[in-house]
1. Can you tell me which of (1) of a type in the set (S, T, N, Q); (2) in contact with a helix residue (DSSP H, G or I) (Cβ under 9 Å, 6 or more places away or on another chain); (3) farther than 18 Å from Pro27 by Cα is the one Gln117 doesn't meet?
2. Could you grab the pairs with beta carbons closer than 8 Å, sequence gap of 6+ or different chains, first residue in segment 90-103 and buried (at least 18 other Cβ atoms within 10 Å of the Cβ), second one of a type in the set (Gly, Ala, Ser) and assigned to a helix (DSSP H, G or I)?
3. If I ask for residues that are surrounded by fewer than 20 Cβ atoms within 10 Å (Cβ to Cβ), in a helix (DSSP H, G or I) and in contact (Cβ under 8 Å) with a residue 40 or more places away in the chain, which ones from segment 109-122 would you list?
4. From the list Thr126, Thr84, Thr64, which residue is among the β-branched types (Val, Ile, Thr), under 18 Å from Lys38 (Cβ atoms) and surrounded by fewer than 18 Cβ atoms within 10 Å (Cβ to Cβ)?
5. Under 14 Å from the mean Cα position of the chain (by Cα), surrounded by 11 or more Cβ atoms within 10 Å (Cβ to Cβ), assigned to a helix (DSSP H, G or I) and not basic (Lys, Arg), is that true of Leu79?
6. In segment 38-61, which residues are assigned to a helix (DSSP H, G or I), loosely packed, with under 15 Cβ neighbours inside 10 Å and not hydrophobic (A, V, I, L, M, F, W, C)?
7. Restricting to segment 60-88, name every residue that is at pLDDT below 90 and β-branched (Val, Ile, Thr).
Amino acid sequence: MAIEGGNNLKFKKSIYSDAIEYYRLHPDSFVEDVLDIKLNLYQKVLIRAFFKYSFNCWVLCRGTGKTFLGLLCLVVYCLLNPNTKSGIVAPAFRQGKLAIQEKYKDELCRMSPFLEQEESGFVCSTQKAKIEWYNGSWLEAYPIGSDGI
């Protein structure tokens, strides 16, 4: 059965809005289904907690992927919520910049080609580290220290 004209666009918007609503409630499923990144059980729990609660505090030991998982949560949040303005605040700009370069560009984009396709702009220089997506969302690194280096 073919859907004609404006009804086709309404039908597509309905399907997309239902999918976005589902993935906002199940962001771990978005990571596995859409981004094609496999997660451990504890990572799924932490991602769901990030989306469900206003405040989160992760206490994890070395090597458990706190930076990776935190950045992944921010990226997924930006992708599922258009026009979101988000940031990584670090003691020095260099640390935030490294998170964007190493964790996002070098790891996440390598693991999920979908991310690079959704990216409308990427800057990682000595003055600015920012990712922009086609849905109007962006993620930028900011220093908390006074020197800004």
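1. Every condition holds for Gln117 apart from (2).
2. What qualifies is Ala90/Gly96; Ala90/Ala99.
3. Met111, Phe114
4. Values: Thr126 fails: under 18 Å from Lys38 (Cβ atoms); Thr84 fails: under 18 Å from Lys38 (Cβ atoms).
Result of the check over Thr126, Thr84, Thr64: Thr64.
5. On the way: under 14 Å from the mean Cα position of the chain (by Cα): yes; surrounded by 11 or more Cβ atoms within 10 Å (Cβ to Cβ): yes; assigned to a helix (DSSP H, G or I): yes; not basic (Lys, Arg): yes.
When the stated conditions are applied, Leu79 passes them.
6. Passing the criteria: Tyr42, Lys52.
7. Correct list: Thr64, Thr67.
For every residue, the table says whether it meets (1) over 24 Å from Asn135 (Cβ atoms); (2) among the basic types (Lys, Arg); (3) assigned to a helix (DSSP H, G or I); (4) over 14 Å from the mean Cα position of the chain (by Cα).
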| residue | (1), (2), (3), (4) |
| --- | --- |
| Ile15 | no, no, yes, yes |
| Tyr23 | no, no, yes, no |
| Val31 | no, no, yes, no |
| Asp36 | no, no, no, no |
| Gly63 | yes, no, no, yes |
| Cys73 | no, no, yes, no |
| Ile88 | no, no, no, no |
| Ile100 | no, no, yes, no |
| Lys105 | no, yes, yes, no |
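The values are calculated or read from the model by the stated rules, or taken from the named source; none is laboratory data. As the structure is a computational prediction, the values presented were derived from the model and not from experiment. When we count neighbours, we look across all protein chains shown, and the Cβ atoms used for this are built from the backbone with ideal geometry, even at glycine.
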